[in-house]
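Everything on this sheet refers to the single structure shown next.
The values are calculated or read from the model by the stated rules, or taken from the named source; none is laboratory data. This one's a predicted model, so the numbers in the text were calculated from it and none came from an experiment. Neighbour counts are summed over all protein chains in view; Cβ atoms, including those assigned to glycine, are modelled from backbone coordinates with ideal geometry.
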Amino acid sequence: MSVDFNGTWDLVRNDNFEGYMIAMGIDFATRKIASVLKPQKVIEQNGDSFTIKTLTTFRNYTCSFNIGEEYEEVTKGLDNRKCQTVVNWDNNRLVCVQRGEKKNRGWTHWTEGDELHLELRSRNIPDPDHVTPVPKWP
Ligand code: VL7
């Protein structure tokens, strides 16, 4: 029996969303707006079939998928890229791989107590070891 992600979830915390948006190439003005949004996730799960809606006052994003079935995702209204996307179970976690222009792209959902967690990944995000070297001057 896998985890039940069904329900409506409210954002309570958000770490380094700015870093993710920069990695995605989102422009400054859009980042400023996006950074203050409090998205709601509405998740409908039927066995291995999912619809995940991310709802905000600015934009909405919906994706639907079946576990293990790769599909073409267009992240319309987000970074507007095409990905070959597949989501699989890893024990009680939903692990998504978004193959495309951005390396290492994907996300993971899991629950802890009554909280839904989401990690968004892209090249070097959330890798804390990757820092831009500061040039020496003079
Ligand atoms: C990712 C998008 C920032 C553009 C607008 C912000 C609008 C959301 O991948 C996501 O969810 C997965 C897992 O639940 C399922 O689709 C949502 C949202 C962050 C990255 C790009 C900023 C512009 C906020 C509609």
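Tell me which residues, restricted to region 57-77, are in contact with a strand residue (DSSP E or B) (Cβ under 8 Å, 6 or more places away or on another chain), surrounded by 15 or more Cβ atoms within 10 Å (Cβ to Cβ) and of a type outside the set (A, V, I, L, M, F, W, C). Across region 57-77, the qualifying residues are Glu73, Thr75. The residue pairs whose first member lies in region 36-51 and is within 17 Å of Gly68 (Cα to Cα) and modelled with pLDDT of 95 or more, whose second member is among the hydrophobic types (A, V, I, L, M, F, W, C) and near the ligand (Cβ under 10 Å from one of its atoms), and whose beta carbons are closer than 6 Å, counting only pairs six or more residues apart or on different chains, are Gln45/Phe5; Phe50/Phe65. Screening the candidates Glu73, Glu69, Glu18 for the property of being over 14 Å from the mean Cα position of the chain (by Cα), at negative phi and free of Cβ contacts under 8 Å to residues at least 60 places away in the same chain yields one hit, Glu69. Across region 5-43, the number of residues qualifying as assigned to a strand (DSSP E or B) and over 19 Å from Thr57 (Cβ atoms) comes to 2. On the stretch given as region 49-76, residues that are assigned to a loop (DSSP other than H, G, I, E, B), closer than 23 Å to Asp10 by Cα and more than 8 Å from the ligand (Cβ to nearest atom) total 2. Given the structure, is Asp79 more than 8 Å from the ligand (Cβ to nearest atom) and part of a loop (DSSP other than H, G, I, E, B)? For Asp79, the condition - more than 8 Å from the ligand (Cβ to nearest atom) and part of a loop (DSSP other than H, G, I, E, B) - is not met. Confirm whether Asp10 is more than 11 Å from the ligand (Cβ to nearest atom), among the charged types (D, E, K, R) and modelled with pLDDT under 95. Taking the combined requirement at face value, the residue does not satisfy it. In this entry, Asp114 passes the filter for residues that are exposed (fewer than 14 other Cβ atoms within 10 Å of the Cβ), without any contact (Cβ under 8 Å) to a residue 60 or more places away in the chain and more than 12 Å from the ligand (Cβ to nearest atom).
Kindly provide the set of residues from region 15-32 that are surrounded by 14 or more Cβ atoms within 10 Å (Cβ to Cβ) and either within 7 Å of the ligand (Cβ to nearest atom) or of a type outside the set (Phe, Trp, Tyr) (or both), ordered by number.
Glu18, Gly19, Tyr20, Met21, Ile22, Ala23, Met24, Ile26, Thr30, Arg31
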